[in-house]
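Please read the structure below before turning to the comments.
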Amino acid sequence: MARTTGDPAKRCRCMARIKFWRRSRVGSEVVEKDTKRLKLSLIKAWLLRIRQEDYKYSGSFQEAIKPVLIIAQIFALMPVRNVSSKFAEDLTFTWFSVRSYYALVTILCFGVSSGYIVAFVTSVSFNFDSVETLVFYLSIFLISLSFFQLARKWPEIAQSWQLVEAKLPPLKLPKERRSLAQHINMITIVATTCSLVEHIMSMLSMGYYVNSCPRWPDRPIDSFLYLNFSSVFYFVDYTRFLGIVGKVVNVLSTFAWNFNDIFVMAVSVALAARFRQLNDYMMREARLPTTVDYWMQCRINFRNLCKLCEEVDDAISIITLLCFSNNLYFICGKILKSMQAKPSIWHALYFWFSLVYLLGRTLILSLYSSSINDESKRPLVIFRLVPREYWCDELKRFSEEVQMDNVALTGMKFFRLTRGVVISVAGTIVTYELILLQFNGEEKVPGCFEN
């Protein structure tokens, strides 16, 4: 019996559907592959743009100090506009901006807090702890005023710095261009993290009094906020809102106290890096044949750096003075209290971490600040490498200038930050500790009811 093949028209329609389904599947696969290729190409282009633009360092000071200034403005310091720009000419200061209003309100809060604490110390309780609190808030008030005054001068200083950098020998390697920014970022991250840990430990140690002798037994948060600003609430009736404002002022003051050191360290590192940049350039050419014009240009660059250092010092010298005087005072106070028994484990942990952090911060600050003077004297070593036949009058004049100049940051011209300042600070601490120990009558930190 013969096999039937069915209707030829139906079979043609089925074949047509099969072919269409195959073509559509192949087409969808092609479109899917093209889409994947497009996504991969877009991702590659994005990553390439990040590598070439976002992470491409120019090596400028404005680029390196940018994160520091952004963080400072979060905490009401340095109200300069356009700090995120890579170019100094974009920086401006104006009184009529949100940054300036924020900074002025914060300065007013610091001033009012300092006034109440002065009244508390003079009329209620005059002892070492109350005087230490007074010194802290008065210094914060002066620091915030100093940074506001510096913000008015900063655009001009940044432009002068940029002009000096433009005339220096260029930084050729990517490692050299990103070195300064990475160094300053490392200082900022480490110091800010340590400051945050210290503040958290301070709050935990304060929790001892909140748990043991609360102001209001059924309101621990209010008891904590009251204790945080008790000197002010002695004169002002406590409310939850004022307690929160007091805590915000305390956080801002703690950051300002630490940022003072961070800023001086960042500026010191940047100035030393620019002297090092010129010194490395001269070191590479010292043993080679050189001309009078070469040494003349190097001397002009060195003189520009000296003038820049002097301009920066005139602007930040009061900040430097407050920085070192604060550190010296609080180191002496903490070492004096080191022999007192602590009422809780959190008191002990907070005290020793705070002391070690303060000592380390002061030591690093001294070394970074003195590195400017070290780098400014380094050309004397380089000049000894120059062959006798290439020695000239211009090089002799350059050598005399380096030898006679004393390039360094100062504390209102009272002292210069050189290597010797580390020994001087250590000697001053020992001297004052021997005097203070004779008047130390407290053998332990006051407990709940004693406080």
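The values are calculated or read from the model by the stated rules, or taken from the named source; none is laboratory data. Since this is a predicted model, take the numbers as computed values, not measurements. Positions of Cβ are backbone-derived with ideal geometry, glycine not excepted, and every protein chain shown enters the neighbour counts. The area values use the complete protein model at the heavy-atom level, side chains included, leaving out ligands, DNA and RNA. Shrake-Rupley method; radii C 1.70, N 1.55, O 1.52, S 1.80 Å.
Brief remarks follow.
- Selection count where residues are among the aromatic types (Phe, Trp, Tyr) and closer than 15 Å to residue 401 by Cβ, scope region 364-381: 0
- Evaluation of residue 175 against (1) open to solvent by 40 Å² or more (accessible area, probe 1.4 Å); (2) within 30 Å of residue 358 (Cβ to Cβ) (one fails), failing number: (2)
Conditions tested, residue by residue: (1) surrounded by fewer than 17 Cβ atoms within 10 Å (Cβ to Cβ); (2) within 21 Å of residue 78 (Cβ to Cβ); (3) among the aromatic types (Phe, Trp, Tyr); (4) out of contact with any Lys or Arg (no Cβ under 8 Å at 6 or more places or on another chain).
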residue	(1), (2), (3), (4)
134	no, no, no, yes
141	no, yes, yes, yes
146	no, yes, no, yes
149	yes, yes, no, yes
154	no, yes, yes, yes
157	no, yes, no, yes
165	no, yes, no, no
170	yes, no, no, yes
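- If the condition is being touching a residue at least 12 places away in the same chain (Cβ under 8 Å), loosely packed, with under 12 Cβ neighbours inside 10 Å and among the aliphatic types (A, V, I, L, M), then region 393-438 contributes only 437.
- Any hit, region 118-130, residues being more than 27 Å from residue 79 (Cα to Cα) and open to solvent by less than 10 Å² (accessible area, probe 1.4 Å): yes
- Test: residue in region 59-66 that is open to solvent by 80 Å² or more (accessible area, probe 1.4 Å), within 30 Å of residue 191 (Cβ to Cβ) and at pLDDT 55 or above: no
- Of all the listed residues (312, 292), the sole one being surrounded by fewer than 17 Cβ atoms within 10 Å (Cβ to Cβ), in contact (Cβ under 8 Å) with a residue 40 or more places away in the chain and under 30 Å from residue 394 (Cβ atoms) is 292.
- When region 291-335 is filtered for residues that are of a type in the set (S, T, N, Q) and under 28 Å from residue 361 (Cβ atoms), the ones remaining, listed by number, are 317, 320, 325, 326, 327.
- Check on residue 386, among the aliphatic types (A, V, I, L, M) and at pLDDT below 90: no
- Pairs are defined by a Cβ separation below 6 Å, a sequence spacing of at least 6 or placement on different chains, a first member in region 336-355 that is surrounded by 15 or more Cβ atoms within 10 Å (Cβ to Cβ), and a second member that is of a type outside the set (A, V, I, L, M) and not in a loop (DSSP other than H, G, I, E, B); the pairs so defined are 340/444; 344/208; 346/205; 347/205; 350/202; 350/205; 354/198; 355/334.
- Qualifying positions in region 178-198 - closer than 29 Å to residue 284 by Cα, surrounded by fewer than 18 Cβ atoms within 10 Å (Cβ to Cβ) and either β-branched (Val, Ile, Thr) or free of Cβ contacts under 8 Å to residues at least 40 places away in the same chain (or both): 182, 186
- In region 75-95, of all residues being β-branched (Val, Ile, Thr) and over 20 Å from the mean Cα position of the chain (by Cα), the one that is least open to solvent (accessible area, probe 1.4 Å) corresponds to 94.
- Residue check for residue 358: under 16 Å from residue 265 (Cβ atoms), aliphatic (A, V, I, L, M), touching a Lys or Arg at 6+ places or on another chain (Cβ under 9 Å) and open to solvent by 10 Å² or more (accessible area, probe 1.4 Å): no
- Test set (1) open to solvent by 20 Å² or more (accessible area, probe 1.4 Å); (2) assigned to a helix (DSSP H, G or I) - residue 260 fails condition number: (1)
- Yes/no for residue 372 being out of contact with any Phe, Trp or Tyr (no Cβ under 8 Å at 6 or more places or on another chain) and either part of a helix (DSSP H, G or I) or at positive phi (or both): no
- If you go through region 172-216 and pick out every residue that is farther than 23 Å from residue 347 by Cβ, within 24 Å of the chain's Cα centre (by Cα) and not basic (Lys, Arg), you end up with 16.
- The single residue among 134, 48, 104, 42 that is assigned to a helix (DSSP H, G or I), of a type outside the set (Asp, Glu) and modelled with pLDDT of 95 or more turns out to be 104.
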